[in-house]
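The block underneath contains the structure these notes are about, expressed in C-alpha cells.
The values are calculated or read from the model by the stated rules, or taken from the named source; none is laboratory data. Remember, it's a predicted structure, so these values are computed and weren't measured experimentally. Here Cβ is always computed from backbone atoms with ideal geometry, including for glycine, and neighbour counts include all displayed protein chains. Ligands, DNA and RNA are stripped out before the accessible areas are found, and what is left, the full protein with its side chains, is counted by its heavy atoms. Shrake-Rupley method; radii C 1.70, N 1.55, O 1.52, S 1.80 Å.
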Amino acid sequence: MTLSIQHATKRFGDFKAVDDLSLTVEQGQMHGFLGANGAGKTTSFRMILGLLNPNAGVITWKGKPITYAASPEIGYLPEERGLYPKMKVLDQLVYLAQLRQMPASKAKQEAMVWLERFQVPHYAAKKVEELSKGNQQKIQLIASLLHNPSLLILDEPFSGLDPVNVEMLKKAILDFQKQGATIVFSSHRMDHVEELCDNMTIMDQGKVVVDGSIREVKRSFGKQNVRIKMDVDLSSLKNTVGVVQFTKTHDGALFQINDEATAERLLESSMKLGKLRHFAIEEPSLEEIFISKVGKAYA
Amino acid sequence: MHSFWIIFKQSFLTKAKTKSFIITTVIVVAAFFLLANLSNIIEIFQGSDEEGNVLHVIDESGELAPILQAQLDQQNSDVQAMPTDMTEAELKEGIGEGTIDAYLVLEQEGTLNARYVSESANELGSANDVEQAVQSLQTVVTAESLGLSESEVGQLFTPVAFEREAISESSKSQEELSQARARLHFDLAHLYRGYLLSKYDCDGSGKREIFRVMEILISSVSPVKHMFAKIAGIGTLGILQMLIFGLSGYLAMKTAGTALTEGAFSVFGFSDVKISTFLFAVLFFLLGYFLYAVLAALLGSLVSRTEDVQQLMLPMMMLIVVASLIAFSGISVPEATFVTVASYIPFFAPLVMFLRVGMLDIPLWEPLLSIGIMLVTIGLLGWFGARVYRGGVLMYGSSQSLKDIKKAIRLGNQK
C-alpha cells in the first residue's frame with residue numbers, strides 16, 4: 001500500500017521538467033512537495049496519475065503502475081481549478097464521483113455530508129459560477145475526495161483561501177488522512193507543509209534539493225536559531241564563535257548558530273549585558289533550509 | 001463502459017437542457033404545424049368555402065354561366081359561378097357591405113366582353129382563375145359559332161403531350177430529378193445541422209472558462225473515451241431532434257389533413273422520395289456529423305475561451321462552405337469530374353456523394369467506397385484528436401492558433 005517513485009525523469013524536448021525523482025510514501029502518510037513555480041511539482045503529480053509517462057524511472061501504487069483501472073482509488077485536485085460553470089454544485093459533484101465509479105445515490109448522500117461540513121449546504125442547487133472563488137475551491141476539494149480515494153493528490157489546495165477557510169480545509173484533510181488515506185500535496189506555503197506533513201520533498205528546477213522526514217531534515221540541517229529578547233543592543237554578540245548569521249529584530253536579535261555550544265556561549269554573554277527577557281533555541285524554519293539549499297528566496 | 005455512459009448521459013442532458021436547443025426544437029415543430037395548417041388558417045380568416053368564392057355572374061344570355069362553371073371546374077378552381085338577377089348597383093352595394101366578394105358581367109356582342117368587379121385589386125387568385133375560364137369560354141363560344149362538331153371542339157382542348165427525356169444513360173428522368181432535388185434539400189439541411197451540432201460540441205469543450213476541469217476528467221477517464229462519449233451523446237441528441245422533427249412533421253400533416261405532396265411541402269419534391277433515399281440521408285448525416293464533430297472536438301480542446309473558438313473554427317467552416325458550393329454547382333452538372341473527385345474527399349463526401357447517388361445511377365461500390373474512406377478518416381481523426389485533446393488539456397494558458405496543435409500533440413505523445 002505504498003506510493004513508490006523510483007528515479008523518475010521527465011523531459012519535454014531538451015527541457016528536463018523532473019530530474020531523477022525518487023520517493024516512497026507509506027499508507028496513511030502525508031507527503032508535502034515544496035518548490036517555486038516551474039520546479040516540477042505538477043509534472044511529478046501528472047506522472048504519478050499516469051497522465052504523463054516518465055522518460056525514465058518507475059512509478060507504482062500498491063506495486064502496480066497507475067492506470068484508469070485504479071481511477072476509483074485516486075483523488076486529484078488540479079492546481080488550476082475548473083468546474084463546469086453552468087452546472088449545479090450537487091449535480092457536478094455526483095457526476096465527477098460517478099466517473100470514479102461511485103454510485104449516484106451514495107455520491108449524493110456523501111456530497112451533502114461534505115457540503116454541511118464545509119458550511120455550504122445551501123449551495124447544492126446553485127450553479128458553480130454563482131459561487132465565490134473560495135467556495136468553488138471547497139467544492140473542488142469535495143470533488144477530489146468524495147469517492148473516498150485511498151490516494152489523494154492535492155496540487156496547491158490552499159491557494160486563494162482566507163485563513164478561516166484554510167483552517168477548515170486543513171482539518172478536513174487531516175481527518176481524511178486519519179481514515180487511512182495516503183496524501184501527496186504541494187503548497188507554496190512552507191508553514192502548511194511543516195504543519196501537516198510527516199515527510200517532504202523540496203524541488204528546484206526539476207531536481208530534488210531536500211527530502212525526507214521534516215524532523216530529520218531540520219536536524220541534519222546542522223544549524224539552529226537562538227532568539228534573544230533584551231532591551232540593550234546585541235550587535236556586540238555577532239562575532240561570538242559559532243555564530244553564522246546575525247539578524248537584529250525589534251525586540252532583540254536572532255542568531256543562526258552551528259552547534260549547541262555556541263548557544264551556551266551566547267547565553268553567558270547576553271546575561272552579562274543586562275536583563276534577559278527571553279532566550280530560546282529554535283529549529284530552523286523550512287524557509288531557511290530552502291534558501292540555504294537553493295540559494296534564493298522561496299517564491 | 002460504465003463511465004462512457006455517464007459522460008454520454010451528461011453531454012446529452014446538458015445540451016438538451018440548453019435554451020438554444022429547446023427554443024430551436026419548439027420553433028421548428030411549431031413551424032411544421034403552421035405550414036401544414038396554413039391553408040386551414042387562411043380559410044379561418046377568409047371565412048368558409050360555402051360562403052366565400054361565390055362569383056355572381058350577370059349573364060343576360062343565360063347560356064354563358066354554366067359553360068363558365070364547367071371551365072372553372074376543369075381548372076380545379078373553387079370559384080363558383082352563380083347567375084344572378086341582381087342589378088349592378090345592388091351588387092356593388094353588396095360588395096361595399098361585404099356580403100359579396102366579387103361579380104362578373106358577361107356580354108356577348110360578336111366577341112365576348114367580361115368585367116370582373118371586386119372590392120380590391122388584391123384578390124388575384126380568384127381573378128386569375130376567372131380570367132382563364134373566360135378565355136376558354138371565348139374559345140368554346142367561337143368554336144360553336146364556327147359550327148365545329150363536338151369531337152372537333154374536344155380536339156381543340158386536348159392538352160399537348162410534353163415530355164422531357166435525358167439522353168445520357170446515367171442521367172435520370174425529370175421525375176427522378178425531383179427526387180434528387182428533395183434529397184439535396186434534405187441533405188443540405190441535415191449537413192448544416194450536423195455542422196451546428198459539431199459546433200455545439202466544440203463549444204462544449206471549448207467554452208469552459210476554466211480549462212483544467214478537463215484534467216480532473218482525464219485523470220478519471222481516458223481522453224479517447226471522453227471525447228467519443230461526448231460526441232456520441234450530442235450526436236444522439238441531434239438524431240433525436242431529427243426524429244422529433246420528422247414525427248411532428250408527420251403528425252402536423254395528419255392532423256391538418258394534407259399530404260406531403262401538397263401545399264408548401266410540394267416545393268421540396270418529397271412526394272417522390274424513396275425509403276432508400278432516407279436511409280442514405282441518415283447514413284450520410286451520421287458520418288458527416290461524426291467527421292465534423294471529431295474535428296471540432298480536436299480544435300475545441302485547444303482553446304479555453306469562446307472568442308478563440310470562432311477563430312479556430314474558421315478552417316472548418318471553410319470546408320463546409322466549399323462542400324456546399326460543390327454540391328450546389330453539382331446539381332446542374334452532376335457528372336462533372338470535380339463532382340466525382342469531391343465525392344471521395346471525406347469532408348465533401350456527405351453532401352457530394354449523396355448528390356451523385358441521388359441524381360445519377362452510379363454503381364453501389366462508389367458510395368460504399370466513399371463511406372469507407374469517411375470511416376477511415378473518422379478513425380484517424382479520432383486517434384489523432386485524442387492526442388491533441390489530451391495534450392491540449394495539459395497545456396497551460398490559452399492557445400489561439402493551429403500552431404498550438406503541434407505543441408498539444410507533443411504533450412499528448414508524452415503518454
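Tabulated values for the structure
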read-out: Of B:Lys92/B:Lys254; A:Lys171/A:Lys218; A:Lys106/A:Lys133; A:Lys10/B:Lys15; A:Lys62/B:Lys225; A:Lys171/A:Lys275, pairs whose Cα-Cα distance is over 32 Å; value: B:Lys92/B:Lys254; A:Lys10/B:Lys15; A:Lys171/A:Lys275
read-out: Sites B:Tyr250 and A:Lys106 - FRET efficiency at Förster radius 51 Å, r taken between beta-carbons, to 0.05; value: 0.70
read-out: Long-range amide H partners of A:Asp20 with built H, under 5 Å; value: A:Thr9, A:Lys10
read-out: DSSP H segments from chain A that extend 18 Å or more along their own axis, Cα-based, with Kyte-Doolittle mean of 0.5 or above; value: none
read-out: Approximate spin-label separation B:Glu60-B:Glu88, in nm, with each point projected 7 Å along Cα-to-Cβ; value: 1.1 nm
read-out: Modelled label reach - A:Ile281, point 7 Å along Cα→Cβ, segment A:197-222 residues with backbone N closer than 13 Å; value: A:219, A:222
read-out: Viscosity 1.306 mPa s, temperature 10 °C, Stokes-Einstein D of chain A from Kirkwood C-alpha radius, µm²/s; value: 74 µm²/s
read-out: Accessible area of A:Glu156 in the full protein assembly, 1.4 Å probe (Å², nearest 10); value: 10 Å²
read-out: Interchain or long-range residues, amide H under 5 Å from A:Lys126's placed H; value: A:Val89, A:Leu90
read-out: Interatomic Cα distance distribution for segment B:53-145, bins of 10 angstrom, percent; value: 17, 53, 27, 3
read-out: Cα-Cα pairs of segment A:197-299 separated by more than 25 Å (percent); value: 29 percent
read-out: Stokes-Einstein D for segment A:155-205, Kirkwood Rh over Cα pairs, 37 °C, 0.692 mPa s (µm²/s); value: 280 µm²/s
read-out: Average Cα contact separation per residue, chain A, under 8 Å, 6 or more apart, as relative contact order %; value: 20 percent
read-out: Test item: Cα-centred dipole of segment B:1-152, Lys/Arg +1 and Asp/Glu -1 on Cβ, debye; value: 2260 debye
read-out: Estimated distance in nm for a label pair at B:Glu109 and B:Trp383, the labels positioned 7 Å out from Cα along Cα-to-Cβ; value: 9.1 nm
